[in-house]
Amino acid sequence: MKIDLSGRVALVTGGGRGIGRAIALELAASGAHVFINYVGNQATAEQTVAAIAGAEGRATAVQADVSIAEDVDRLFKQVLAIGGRLDILVNNAGITRDTLLLRMKDEDFDSVLNTNLRGVFLCTRAALRPMTKQRSGRIINISSVVGLTGNAGQANYAAAKAGIIGFTKATAREMAGRSITVNAVAPGFIETEMTAALNEATRATVLDSIPLGRFGSAAEVAAMACFLASDAAAYITGQVFAVDGGMVM
Ligand code: NAD
């Protein structure tokens, strides 16, 4: 299936590296002008912009912390000023602060909820303004299988990722009348810098739980996100798609 996003404007939060980078590359390869949001690492964001430009695509890097309302306001103003419209929002930015609940500090909980869930709220609300006027839009929220199953040591992260799923369904219902679709992707274990931090024993245990017998790639998550952003997915909203090698079934 050939996905054509030419003329569309997309924003990928945390798009400088990992899954967000792969999504940005895929959307740009399909013809979208992609805004790549980064919080601190301008160099990786600019590298992603350069990779897209090198492949004849269009991309722009924009700094903002998605957990801060003023930053998000500024981010969307910049996207609309430069891009002129917004068709696709991918809420990808996320962090982990893993530890067992008895040891979890308030700050570990708050920072994960603020970035992973409040960030999705702030960006989605900001995106709905132009999308409502356009009477079209695609919102893709990156959740996690951990939001479906829970995981010891990740109560904060699981709460945020499960929260994204409820948020996705509520927003999908609210916006369906405007032809704005809202879906979630729940990746399993994907090889990125986030998962590179895990030790060998944890990786071996996770591998045992994956029926397809291997970890996933960022490109495999990007393929699902790009499909959901396309016209081919016009009749799909309020859904959660696990891209996890069969971990959750
Ligand atoms: P990553 O750490 O490589 O990328 C996360 C990106 O988000 C980084 O570029 C980071 O700078 C950015 N970010 C963090 N806080 C931000 C903030 N406040 N504002 C703006 N940007 C911010 O991780 P990844 O593995 O590519 O993960 C991407 C998304 O996929 C995350 O939401 C993560 O929870 C989710 N996910 C990853 C996996 C996996 O196995 N890697 C599995 C399930 C879900």
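The values are calculated or read from the model by the stated rules, or taken from the named source; none is laboratory data. From a predicted model like this one, the values you see are computed outputs, not experimental measurements. All Cβ positions, glycine included, derive from the backbone under ideal geometry; neighbour counts span all protein chains shown. Heads up: the accessible areas ignore ligands, DNA and RNA and are worked out on the full protein's heavy atoms, side chains in. Shrake-Rupley method; radii C 1.70, N 1.55, O 1.52, S 1.80 Å.
Phi angles across region 35-43 convert, under the Karplus curve 6.51 cos²θ - 1.76 cosθ + 1.60 with θ = phi - 60°, into 3J(HN,Hα) values of 8, 10, 7, 9, 9, x, 9, 5, 4 Hz, Gly and Pro given as x. Annotation: amide H of ILE190 within the under-5 Å range of GLY216, sequence separation 5 or more or interchain, hydrogens built in the peptide plane. Against the chain, whose longest principal axis is taken from its Cα atoms, helix 69-83 shows a tilt of about 40°. Distances between placed amide hydrogens fall under 5 Å for ALA32 paired with LEU5, all partners being 5 or more residues away or on another chain. Considering only LEU5, MET175, THR99, and ranking their Cα positions along the charge dipole of the chain that arises from unit charges at the beta-carbon of Lys, Arg, Asp and Glu, the one farthest toward the positive end is MET175.
Computed from Cα atoms, the angle from the helix 18-29 axis to the main principal axis of the chain rounds to 30 degrees.
With the simple model of a label 7 Å out from the Cα in the direction of the Cβ, ALA50 to ALA197 spans 2.6 nm.
Tally up the carbon and sulfur contribution to the accessible surface of the chain as a whole percent, 1.4 Å probe, everything protein left in place. About 54 percent, which is the carbon plus sulfur part of the accessible surface.
Calculated accessible area for the chain comes out at 47 Å² per residue, all protein chains present (probe 1.4 Å; ligands, DNA, RNA ignored). Normalised Debye scattering of region 9-239 at q = 0.12, 0.14, 0.16 Å⁻¹ gives log10 I(q)/I(0) of -0.62, -0.85, -1.12, counting only Cα atoms as equal scatterers and leaving out solvent.
Given the peptides 28-36, 2-10, arrange them by the average over their residues of other C-beta atoms within 10 Å, most packed first.
Details: 28-36: 24.6, 2-10: 16.9.
Highest-to-lowest ranking by the protection proxy: 28-36, 2-10.
Could you state the number of Å between the C-alpha centres of region 12-28 and region 229-244? Each part's Cα centre sits 17 Å from the other's. Principal-axis analysis of the Cα atoms of the chain puts helix 119-134 at an angle of about 20° to the longest axis. Taken over region 9-239, lysine pairs spaced eight or more positions apart, or on distinct chains, with alpha carbons under 28 Å apart number 6. Placing pseudo-labels 7 Å out from each Cα toward the beta carbon at ASP208 and ARG173 gives an inter-label distance of 4.0 nm. Rounded to whole numbers, the Karplus 3J(HN,Hα) couplings from phi for region 234-249 are 4, 9, 10, 8, x, 9, 10, 10, 7, 10, 8, x, x, 4, 10, 8 Hz, using 6.51 cos²θ - 1.76 cosθ + 1.60 with θ = phi - 60°, and x at Gly and Pro.
Only one residue of VAL240, ALA223, VAL79 has its Cα farthest out toward the positive end of the dipole of the chain, where Lys and Arg carry +1 and Asp and Glu -1 on Cβ, and that residue is VAL79.
Magnitude of the charge dipole for region 17-173, about its Cα centre and with charges confined to Cβ atoms of Lys, Arg (+1) and Asp, Glu (-1), is about 600 debye.
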